[in-house]
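Notes for the one structure printed next.
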């Protein structure tokens, strides 16, 4: 079945935090949207220990009709949908990114500006310092959780967005095959309004296939 509660969160970044361990690390972003806090959690490493490093592309001058639709949104959460003409993303079908453009990157590597945490931090910390930068996180929402504060930033109630990556092409025997679907991929967009420029962050797992059927499963991956 597809991922739950797919859509896009629009807001402004107020805080961020890296994780560099090997226990399902994420890069966390605190977003203020429509008067409420939310956490955007971005996978920076795969559960697949044979291929732990993600595929990524940071497009520093992203140009696509989607940006106009995003810019017209009010702050807050918006349900995704509408295929190519709506708020839904699809890596293979949407004309935004190709597998050939993406590169493998580690989440933790000695040195500076050479791993996924570094790449995200360079973008996000700049956005923290500029209240004019708008962030759009596409993925699956959770919460609100009225009895639990957020486990990373401590705000209440806990809520946020995850699955900020490609959400199709998982093999039928894979644990994440249940998330397969079309027009439900995740990504992160930053609108740098002062520069009239958009930055897009696309992420995928090396195990995911890009030739998928109408249900988001790899073509030729039979259920039998």
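The values are calculated or read from the model by the stated rules, or taken from the named source; none is laboratory data. These figures come from a predicted structure and were not determined experimentally. All Cβ positions, even for glycine, are placed from backbone atoms using ideal geometry, and neighbour counts span all protein chains on display.
Quick look at the values:
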{"read-out": "Unique match (being farther than 26 Å from residue 70 by Cβ and not in a helix (DSSP H, G or I)) among 172, 178", "value": "172"}
{"read-out": "Verdict on residue 123 being surrounded by 15 or more Cβ atoms within 10 Å (Cβ to Cβ), within 16 Å of the chain's Cα centre (by Cα) and assigned to a helix (DSSP H, G or I)", "value": "yes"}
{"read-out": "Count - residues of segment 1-15 that are buried (at least 20 other Cβ atoms within 10 Å of the Cβ) and more than 14 Å from residue 88 (Cβ to Cβ)", "value": "4"}
{"read-out": "Failed item, numbered, when residue 145 is tested on (1) in contact with a strand residue (DSSP E or B) (Cβ under 6 Å, 6 or more places away or on another chain); (2) at pLDDT 95 or above", "value": "(2)"}
{"read-out": "Unique residue being outside any strand (DSSP E or B), farther than 14 Å from residue 187 by Cβ and within 14 Å of the chain's Cα centre (by Cα) when the list is 68, 45, 63", "value": "45"}
{"read-out": "Identity of the residue in segment 181-206, within 13 Å of the chain's Cα centre (by Cα) and part of a loop (DSSP other than H, G, I, E, B), that ends up nearest to residue 83 (Cα to Cα)", "value": "184"}
{"read-out": "Sole residue being within 21 Å of residue 134 (Cβ to Cβ), buried (at least 19 other Cβ atoms within 10 Å of the Cβ) and either out of contact with any helix residue (DSSP H, G or I) (no Cβ under 7 Å at 6 or more places or on another chain) or at pLDDT 95 or above (or both), chosen from 71, 38, 34", "value": "38"}
{"read-out": "Members of segment 103-117 that are assigned to a loop (DSSP other than H, G, I, E, B), in contact (Cβ under 8 Å) with a residue 60 or more places away in the chain and crowded, with 20+ Cβ neighbours inside 10 Å", "value": "107"}
{"read-out": "Residues being part of a strand (DSSP E or B) and out of contact with any helix residue (DSSP H, G or I) (no Cβ under 6 Å at 6 or more places or on another chain) - total across segment 1-20", "value": "10"}
{"read-out": "In segment 138-162, the residues that are within 23 Å of residue 53 (Cα to Cα) and buried (at least 24 other Cβ atoms within 10 Å of the Cβ)", "value": "138, 139, 161"}
{"read-out": "Segment 18-36 residues that are in contact (Cβ under 8 Å) with a residue 12 or more places away in the chain and on the phi > 0 side of the Ramachandran plot, paired with ones that are assigned to a loop (DSSP other than H, G, I, E, B) and surrounded by 18 or more Cβ atoms within 10 Å (Cβ to Cβ) (beta carbon under 8 Å, 6 or more apart)", "value": "24/45"}
{"read-out": "Count - residues of segment 164-189 that are crowded, with 17+ Cβ neighbours inside 10 Å and in contact with a helix residue (DSSP H, G or I) (Cβ under 7 Å, 6 or more places away or on another chain)", "value": "4"}
{"read-out": "One residue from 53, 61 being touching a residue at least 60 places away in the same chain (Cβ under 8 Å), surrounded by fewer than 17 Cβ atoms within 10 Å (Cβ to Cβ) and out of contact with any helix residue (DSSP H, G or I) (no Cβ under 7 Å at 6 or more places or on another chain)", "value": "61"}
